[in-house]
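Engineer: Dropping a structure here in structure tokens format, bear with me for questions.
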Amino acid sequence: MYQLRLTLVALVYKAANNFYGYQNPLLLQGLEGGKVGMLSSTLLSSVLAPLFFVPSLAITLTQPTQLKQLTYDYVIVGAGNAGLVLASRLTENPKVSVLVLEAGVSDQGVIAAQAPFLGPTLTPSKKFCAVHSTVSAQRYFPDTLYDWNYTVVPQEGLNRRTFAYPRGRLLGGCSSANYLFHQYGTDEDWDRLSANSGDPDWRWSNMKKYIQKHEKFVPPVDGHNTAGQFIPSLHGFNGVASVSLPGNNQTIDSRVLATTKQLKEFPYNQDMSGGDHSLLGIGFLQSSAGGGVRSSSSTSYLARANDRPNLTVVINAYVTKLVQTGTTHSGLKSFRSVQFTSSPGTGPTPAGTSIHFIALGPMTATARKEVILSAGSIGTPQILQLSGIGDSKFLKRLNIIPVVDNPSVGDNLSDHTLLPNLFSVQGTQSFDGVLRDQNAVNAAVEQWVQNKTGMLANNVVNNFGFARIPSSASIFKTTRDPAPGPKSPHWEIITSVRQNFYFNPGIPSPSSGSFMTIVAVLISPTSRGTVKLRSSNPFDRPLIDPRYLTTDFDVFTMREAVKAILRFTKAPAWSDYVIGPFGDTFAKAKSDAQIDAYVRGLTTTIFHPVGTASMSSPKSKSGVVNPDLTVKGTDGLRIVDASVFPFVPSAHTQGPVYLLAERASDIIKAAN
Ligand SMILES: Cc1cc2nc3c(=O)[nH]c(=O)nc-3n(C[C@H](O)[C@H](O)[C@H](O)COP(=O)(O)OP(=O)(O)OC[C@H]3O[C@@H](n4cnc5c(N)ncnc54)[C@H](O)[C@@H]3O)c2cc1C
């Protein structure tokens, strides 16, 4: 138990420094070179798993070679957020057999995937690797076993910076590795999807029923009175995955709430889940957790299907391509087979290069009914292109034989950007103080170990909100409002007490002082990017180019968000707390040009890529899937994951993915 506590303490520090960006080099040195050693969650998995068993998987095979059969009714690629919803729903019929192929590892016993506070240790830090930095990329992008360890190509709109682009690589996918914010987007998001695709059943009036199937709203772990913090009628209480309000008061909560009374610009919003209810305003975060433990698609949807003999899940199974199995009378190319192999080694590799290949020869699984791609917004377009489904001219250049010419594959990448704004604050009550106090950290660890409450049981954020730029703003003279409707936000504000900032190379982390970070997120981006193959080698990481802040609207909105956040901190509620912006570029950012430079220097991602296999109407010449999620020009192949959203929803994306996958399960059941 001593080792457990030591390891948890170190993970607390790692979590604190990974969240939203900044790593304290001294702290890292301490962790990597000190007694605790390189604290990997692998250690936790192997040594400590029995102490923290959370029901997730039971029948999972750990290698493709353990498969006793290779033909199933459905083959699902990716045991991620969407993939496990499908696996769980399709196997409700005991006559239907399902194989799920997952390249990543198990989530069982992975403590960092369980304690909400430790989630950020699963993915590489977002610490910026400056092109002019003297520090190697490897030093600041340490690969993790639970992540695909991607990086973005140098971003033109962000001073040609590159940075880590986390994607979960374990059972549950990103739902096991994310930061647990849980919402559904606005009704206007879903109504736009419906209008664009021509399918009335994507409308919110139809989609909202899936909340009841998906969500199990549970009380917060501290048992506080939640009256006025959420609206019960917007939630499900008997669904599969737990959702809860914060269970550990943070020092700034009361100031945030006071601000909502003091500034008309930031009204209080009683429920932040979205849908029928507006997202505008500030309220309490709802997290995908219950009882102080993360709820992922693995611990919820897979757990309920564990004992079904008709479901087979294989981890360490890397899908290299889809195999064409014929052509229909109408000329559609059938893809009912999937080629896969043992996952390559996951040891440290320099960011952006090939992964060392140690796999056995390829195997092929075949679906009697359908193959369903749920490999996520990066994996899905990668597999499509490797299979000859994509832009023919581009594929030929990579010596891949084109089968279905579709230039939309891998296009239209859309993501939310993130800018951490750091403020110096008074006193020692910020999270910085807690982290410098070994006794406080030990006590928090002890509390979670004993009864799953306290700091580790909680998300790192308690309050957040959404806002619009005024309709009279000058940008609307030249740009059409990209939000899906007047109730949907343009940007998001996330309040946090963490020491949590991105620093310009040369400005060391302060070893004293207290900080508050208020994050600005661009919610309705107009920049669009791409995910394209680097080569025909399936183990080469694809080229990810979100093209962040390459439009006037996106730059304008981030600038206005920074100005609004400065106004937020001028409310009387902060007068005895906030000292002022921290860091030269922020403190001196007064003119629009200075704010823009500050924004371009620090913005990265909040990990919500969508759109790389967009849904469009069957008649549309662009797009990758039809409204029923079948892949255009193909037969026997669907896509169910975040890649099909043509626009990034006005929310954190796991909730929309859950609803998408619930409806997709119904569509697939009805079609077969
Ligand atoms: C660090 C981080 C923090 C986030 N925070 C939040 C948050 O707080 N709230 C929120 O709502 N959203 C958050 N998100 C985003 C959200 O979790 C994702 O949008 C969503 O879960 C994506 O679901 P998906 O099914 O499309 O893909 P995934 O969940 O990524 O599933 C894809 C699966 O396919 C597997 N796969 C990929 N390629 C292959 C292959 N070749 N062979 C076999 N398997 C393969 C992957 O390993 C993965 O398990 C976060 C994401 C990250 C990475």
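Engineer: Per residue, how much space in cubic angstrom lies within the convex hull of the C-alpha atoms of the stretch 184-225?
Structural biologist: 85
Engineer: While we're looking at this one, here's another question. Pairs to check: Lys369/Lys632; Lys393/Lys621; Lys216/Lys369; Lys68/Lys95; Lys532/Lys621. Give those whose C-alpha atoms are more than 22 Å from each other in this structure.
Structural biologist: Violating the 22 Å limit, Cα to Cα: Lys216/Lys369.
Engineer: A follow-up question, please. Whose amide H sits under 5 Å from the amide H of Arg169, counting only residues 5 or more places off or on another chain, with H placed in the peptide plane?
Structural biologist: When sequence neighbours closer than 5 places are left aside, the close amide H contacts are Asp147, Trp148.
Engineer: Continuing with the same structure: Hey, can you grab everything whose amide H is under 5 Å from the amide H of Phe217? Only 5+ residues off in sequence or another chain; H modelled, so Pro and N-termini drop out.
Structural biologist: Under 5 Å from the amide H of Phe217: Gly236, Phe237, Asn238, Gly239, Val243.
Engineer: FRET efficiency for Leu61 and Asn537, Cβ-Cβ distance as r, R0 = 30 Å, nearest 0.05?
Structural biologist: Computed FRET efficiency for Leu61 and Asn537: 0.70.
Engineer: Tell me, what % of the accessible area of the stretch 165-232 is carbon and sulfur with a 1.4 angstrom probe?
Structural biologist: Of all accessible area on the stretch 165-232, carbon and sulfur atoms account for 53 percent.
Engineer: Also, I was wondering about something else. Whole-Hz ³J(HN,Hα) for each residue in the stretch 613-629, computed from phi via Karplus 6.51 cos²θ - 1.76 cosθ + 1.60 with θ = phi - 60°, x for glycine and proline: what do you get?
Structural biologist: 9, 4, 7, 8, 5, x, 7, 5, 7, 10, x, 10, 10, 7, x, 8, 6
Engineer: Would you please give the residues with an amide H less than 5 Å from that of Val100, counting only those at least 5 places away or on a separate chain, with H modeled from the backbone geometry?
Structural biologist: Result for Val100 returns Ile76, Thr312, Val313, Val314.
Engineer: Between Thr71 and Ile231, what is the FRET efficiency for a Förster distance of 51 Å, r being their Cβ-Cβ separation, to the nearest 0.05?
Structural biologist: Approximately 0.60, to the nearest 0.05.
Engineer: State the percentage of accessible surface on the stretch 256-322 attributable to carbon and sulfur atoms; use a 1.4 Å probe and exclude ligands, DNA and RNA.
Structural biologist: The computed percentage sits at 53.
Engineer: Applying the Karplus parametrisation 6.51 cos²θ - 1.76 cosθ + 1.60 with θ = phi - 60° to the phi angles of the stretch 660-667, what ³J(HN,Hα) value in whole Hz is obtained for each residue in order, glycine and proline being reported as x?
Structural biologist: Values per residue, Gly and Pro as x: 4, 5, 5, 5, 4, 4, 5, 4 Hz.
Engineer: Grab the Cα-Cα distance for Ala258 and Ile401, subtract it from 0.36 nm times how many residues apart they are, and report the gain in nm with one decimal.
Structural biologist: Using 0.36 nm per residue and subtracting the Cα-Cα distance, I get 45.4 nm.
Engineer: Rolling a 1.4 Å sphere over the protein heavy atoms, what is the accessible area per residue of the stretch 533-600, to the nearest Å²?
Structural biologist: Per-residue value: 41 Å².
Engineer: When the Karplus curve 6.51 cos²θ - 1.76 cosθ + 1.60 is applied with θ = phi - 60°, which whole-Hz ³J(HN,Hα) does each residue of the stretch 191-208 get, with x for Gly and Pro?
Structural biologist: With coefficients 6.51, -1.76 and 1.60, one gets 5, 5, 4, 5, 5, 5, 8, x, 10, x, 7, 7, 5, 4, 4, 8, 5, 5 Hz.
Engineer: Whole number in Å², please: accessible area per residue of the stretch 166-240, 1.4 Å probe, ligands, DNA and RNA not counted.
Structural biologist: Result: 36 Å² per residue.
Engineer: Just the number, please: carbon plus sulfur as a percent of the accessible area of the stretch 513-672, 1.4 Å probe, no ligands or DNA/RNA counted.
Structural biologist: 54
Engineer: Taking the simple approach of a point 7 Å from Cα along Cα-to-Cβ for both Asp276 and Ser591, what is their distance in nm?
Structural biologist: It is 5.1 nm.
Engineer: Moving on to the next point. How do 287-298, 415-426 rank on mean C-beta neighbours within 10 Å, highest first?
Structural biologist: With the highest mean Cβ count within 10 Å placed first, the list reads 287-298, 415-426.
Engineer: Using a 10 Å cut-off on Cβ atoms, rank the peptides 451-462, 304-315, 163-174 from the highest mean neighbour count down.
Structural biologist: With the highest mean Cβ count within 10 Å placed first, the list reads 163-174, 451-462, 304-315.
Engineer: Going by average Cβ neighbours within 10 Å, how do the peptides 80-91, 538-549, 390-401 rank, with the highest at the top?
Structural biologist: Descending mean neighbour count gives 80-91, 538-549, 390-401.
Engineer: Still on this structure: For labels at Ser205 and His224 in the simple 7 Å Cα→Cβ model, what's the distance in nm?
Structural biologist: 3.9
The values are calculated or read from the model by the stated rules, or taken from the named source; none is laboratory data. Small disclaimer: the values here were computed from a predicted structure and weren't measured. Virtual Cβ from ideal backbone geometry, glycine too; neighbours counted across all protein chains shown. The accessibility values were calculated without ligands, DNA or RNA, using every heavy atom of the protein model including side chains. Shrake-Rupley method; radii C 1.70, N 1.55, O 1.52, S 1.80 Å.
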